[in-house]
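Worksheet: one structure, shown below.
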Amino acid sequence: MATERNDIEEALNRRYEAGFVTDIETEYLPPGLSEDVIRQLSAKKHEPQWMTDWRLEAYRHWLTMPVPEWAKLKIGPIDFQSISYYAAPKARPKSLDEVDPKLLETYDKLGVPLHERAKLAGVAVDAVFDSVSVGTTFRKELAAAGVIFCSMSEAIQEHPELVRKYLGSVVPVADNYFAALNCAVFSDGSFVFIPKGVRCPMELSTYFRINAMNTGQFERTLIVAEEGSYVSYLEGCTAPQRDENQLHAAVVELVALDDAQIKYSTVQNWYPGDENGIGGIYNFVTKRGDCRGARSKISWTQVETGSAITWKYPSCVLRGDDSSGEFYSVALTHHAQQADTGTKMIHLGRNTKSKIISKGISAGRGQNTYRGLVKVEKGAEGARNYTQCDSLLIGKKCGAHTFPYIEVKHPSAIVEHEATTSKISDDQLFYCRSRGLGEEDAVSMIVDGFCKQVFKELPMEFAVEAKKLLEVSLEGAVG
Amino acid sequence: MLKIENLHVRVAGKEILKGLSLDVKPGEVHAIMGPNGAGKSTLGNVLAGREGYEITAGTVDFGDKDLLQLEPEERAAEGLFLAFQYPVEIPGVNNTYFLKAALNAQRKYRGQAELDSMQFLKLVREKLRVLHISDELLHRAVNSGFSGGEKKRNEIFQMALLEPRLAILDETDSGLDIDALKMVAEGVNHMRSPDRAFIVITHYQRLLDYIVPDFVHVLAEGRIVESGDKSLAHKLEEHGYAWLDERRVPERSAV
């Protein structure tokens, strides 16, 4: 048994594969946060005055806000003055052909090739490296279909009317502490616009990479789907292995007009910290979709395996009549990771539907919390919600917590909530092993089965990726 | 093939097997009968390598291997199969996928090439045909929501697919109606061969009408107290296990 324990220890300490650092000349803003820093940031990006003013307004509001403490997370104090709010590779290429080979190599290593020869078939990628987008693939092909897919910086320059119309219209400037901070200092992100009646011809994807030390990443994503359009979008995230915590505070806004459909998938693999809880990304994210139009549909799917701390609640505001929202989530916490995640489904329109499938997996000393709100407002006649919330525990030192909030103000609403907590049982493990499967394989198979309902919502190639990621993240969880 | 000598096993501090010995040769079918609590299931579990059993004395050789030194998955790959009394449900894991992973893990251990999906499916179809099982079970999650009979049928199907050298059936007949019982027996009989052995653990004689054993052993109070041919099973059926106690009284007082 002693040797087995050692094997497990070894597997447990396996390196986080995305933990490398790219050695590239980087331009920084000095650490610290003030109105001056925000003006400098805005000037660096040649932003119009309205954008600078918007940031300053957010900043002034942020100063008045307390740090939220309601989540079931233990977080040390964050020193916002010690963070650099802008870090970017010095060379700024005009097109993908001129991108520094070191950057291309970085994305190759992460399995997201950007250059012409090796581009992922059928997936357009926007690559965000620290504070800036370094390139977007398939732009011409998308433009031919009328789809705009570019970095947020470019969108502010080239499509100011669209940005002004929609930015902050789903997540207002003063929505919450981390969203306000993001409004003040966001540096880049992706912008997607799908015009009326267009079905986006390929998957869109943004790959976020934190590389620089002592910086935070504050990205902003905005997706607008006009009447009758469809888009499927995926984001991935990784960061180097470091002993310091790094801050990531993003805001994602989705707008779906009449009959539009947005499918948003996330595979989050930020550096989780080591087995003692040293280092790792603090991931504070505000994601919200507005089903503004009738019969619109927004679907969130997330696989959260990384980050030391995850604080995110991708939500849907079901404003349009007959609109629907979905949330499919797998959140895994191992070692000392903590996650407080879930969703909010706000039913405003008539006959609105929402569905929540949440799968939490806790291993090691990981703490995993599901926090969800289902709210049916006065006018939401015929609203319908189904929530299924399952927790799986591996080992004896981890925890799973569930906080479902339900507020119903219309008598016709039907709200269902089902929750289960289970352990990978010795019986299940023995059964698998007695058929010839090794212990680790048995665990990943049982976990994979547990997550099946969520994985099947992911685009095919990412479902495979997510499964692999879960296996790696769970290595050494049994013992 | 399997040689158990003087096996003593404790569970939670209590001695359950108290010096059990058994010798199984290739091609033989051994039935192990005995009253509840005699240690029948303990024997199956210990042989398959389940945790929680403390082996305090004795040896078990399987082929040229010391069985007790092997992990459960190694025992499986060496050709030992346990059909569970209570097959375990694994929600969300497709039955076919599970079996393919298990078979390939065993093949890998034995240094054989892994089967690709086409080869595997061919094998599956072949086994389904001889066992007269519908392929409907294959598309469902492992044992999830299966009826008692379906679970046992699935165990036999797994056994057929994994082609073990030694199969242990732990009360596979319990809770089965006569049709399901026949199906299980047919599966076993079909697999009987000169180089494969079976240990059939059962409480009732009924199963042995369909799977005719070469040897019948009676397990009581942690050791084999009586061995014989299939007629022993009939005697037990006739007289009940109490008959054994009567026969064992002198022996007991001698201890």
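Every number here is computed from the coordinates shown, using simple stated rules; none is lab data. Keep in mind it's a predicted model, so treat the numbers as computed, not measured. Using ideal geometry, Cβ is built from the backbone for each residue, glycine included, and neighbour counts are taken over all protein chains shown.
With neighbours defined as other Cβ atoms within 10 Å of a residue's Cβ, the residues B:156, A:148, A:406 order from fewest to most as A:406, A:148, B:156. Taking 0.36 nm per residue of separation and subtracting the Cα-Cα distance, full extension of the segment from residue A:27 to residue A:274 would add 86.1 nm.
Normalising the average separation of contacting C-alpha pairs (under 8 angstrom, six or more residues apart) by the number of residues puts the relative contact order of segment A:16-312 at 17 percent. Taking θ as phi - 60° and the Karplus parameters 6.51, -1.76 and 1.60, the scalar couplings of segment A:213-224 work out to 7, 6, 10, x, 10, 10, 10, 9, 10, 9, 10, 10 Hz in sequence order, x denoting glycine and proline. The trypsin sites (Lys or Arg not before Pro) found in segment A:343-451 that occupy coil by DSSP, while having at most 12 further C-beta atoms within 10 Å, are A:378, A:396, A:397.
For segment A:153-162, 3J(HN,Hα) computed residue by residue from phi via the Karplus equation (6.51, -1.76, 1.60; θ = phi - 60°) reads 4, 5, 4, 5, 6, 9, 10, x, 5, 5 Hz, glycine and proline entered as x. Residue by residue, segment B:207-222 carries 3J(HN,Hα) couplings of 4, 6, 6, 9, 9, 7, x, 7, 9, 10, 10, 10, 9, 9, 6, x Hz when phi is fed to the Karplus relation 6.51 cos²θ - 1.76 cosθ + 1.60 (θ = phi - 60°); x denotes Gly or Pro. Using every pair of distinct Cα positions in segment A:201-283, the Kirkwood expression returns a hydrodynamic radius of 14.3 angstrom. Placing dummy labels 7 Å off each Cα toward the beta-carbon, the span from residue B:3 to residue A:57 is 8.8 nm.
In chain B, Cα pairs under 8 Å separated by at least six residues give a relative contact order of 28 percent. The mean of 1/r over all pairs of different alpha-carbon atoms in segment B:1-122, once inverted, gives a Kirkwood hydrodynamic radius of 16.3 Å. Which of B:124, B:11, B:24 moves most in a GNM of chain B, Cα contacts under 10 Å? The residue that fluctuates most here is B:11.
Share of antiparallel DSSP beta bridges in the protein assembly as shown, in percent to the nearest 5? Within the protein assembly as shown, antiparallel bridges account for around 20 percent of the total. For segment A:16-312, the share of DSSP beta bridges that are antiparallel, to the nearest 5, is 15%. Among B:23, B:195, B:64, the residue with the largest mean-square fluctuation in a Gaussian network model of chain B, with springs joining Cα atoms closer than 10 Å, is B:64.
When the square roots of the Cα gyration tensor eigenvalues are ordered a ≥ b ≥ c, the ratio a/c for segment A:16-312 is under 1.5, which makes its shape rounded. Amide H to amide H, with H built 1.01 Å from N, residue B:224 comes under 5 Å of B:21, counting only residues 5 or more places away or on other chains.
Binning the C-alpha pair distances of segment A:362-410 at 5 Å intervals from 0 yields a P(r) profile of 5, 19, 20, 15, 12, 10, 8, 7, 4, 0 %, listed from the shortest bin outward. Checking the Cα-Cα distances for A:140/A:297; B:18/B:151; A:397/B:18; A:72/A:359; A:140/A:456 against a 25 Å cut-off, the pairs over it are A:140/A:297; B:18/B:151; A:397/B:18; A:140/A:456.
With loop defined by DSSP as not H, G, I, E or B, and exposure as at most 14 other Cβ atoms within 10 Å, which is the longest segment of chain B clear of exposed GluC sites (Glu not before Pro)?
Between the exposed loop sites, the longest stretch runs B:115-255.
Considering all alpha-carbon pairs of segment B:2-254, what whole percent are spaced by more than 30 angstrom? It works out to 27 percent of all Cα pairs.
Separation of segment B:49-74 from segment A:262-290 is 45 Å, based on Cα centroids.
Where does chain A land at 222 nm, in deg cm²/dmol rounded to the nearest 500, when only DSSP H runs of n ≥ 4 count, each adding -39500 (n - 2.57), divided by all residues?
-7000 deg cm²/dmol
Near the amide H of residue A:382, within less than 5 Å, lie the amide hydrogens of A:351, A:412, A:413, all on another chain or at least 5 residues away, with H placed in the peptide plane. Sparsely packed loop sites in segment A:62-103 (the chymotrypsin sites (Phe, Trp or Tyr not before Pro) outside DSSP H, G, I, E and B with at most 11 other Cβ atoms within 10 Å) comprise A:70.
Put simply, the convex hull of the Cα atoms in segment A:267-347 casts, on average, a shadow of 4.7 nm². Averaged over the residues of B:85-96, the number of partner chain Cβ atoms lying within 10 Å of the residue Cβ comes to 5. Give the Debye-formula value of log10 I(q)/I(0) at each listed q (0.14, 0.15, 0.30 Å⁻¹), with one equal scatterer per alpha carbon of segment B:1-55, two decimals each. Log10 I(q)/I(0), no solvent term: -0.38, -0.43, -1.40. If eta is 0.692 mPa s and T is 37 °C, what Stokes-Einstein diffusion coefficient results for the protein assembly as shown, Kirkwood Rh from Cα pairs, in µm²/s? The Stokes-Einstein estimate is 114 µm²/s. Taken over segment A:106-229, the convex hull of the Cα atoms encloses 111 Å³ per residue. Summarising the amide proton neighbourhood of residue A:416: residues at separation of 5 or more, or on other chains, whose placed amide H is nearer than 5 Å comprise A:385, A:386, A:387. Compared with the dominant Cα axis of chain B, that is its longest principal axis, helix B:95-109 is turned about 80°. Note on chain B: antiparallel DSSP beta bridges, both residues inside, total approximately 60 percent of the bridges counted.
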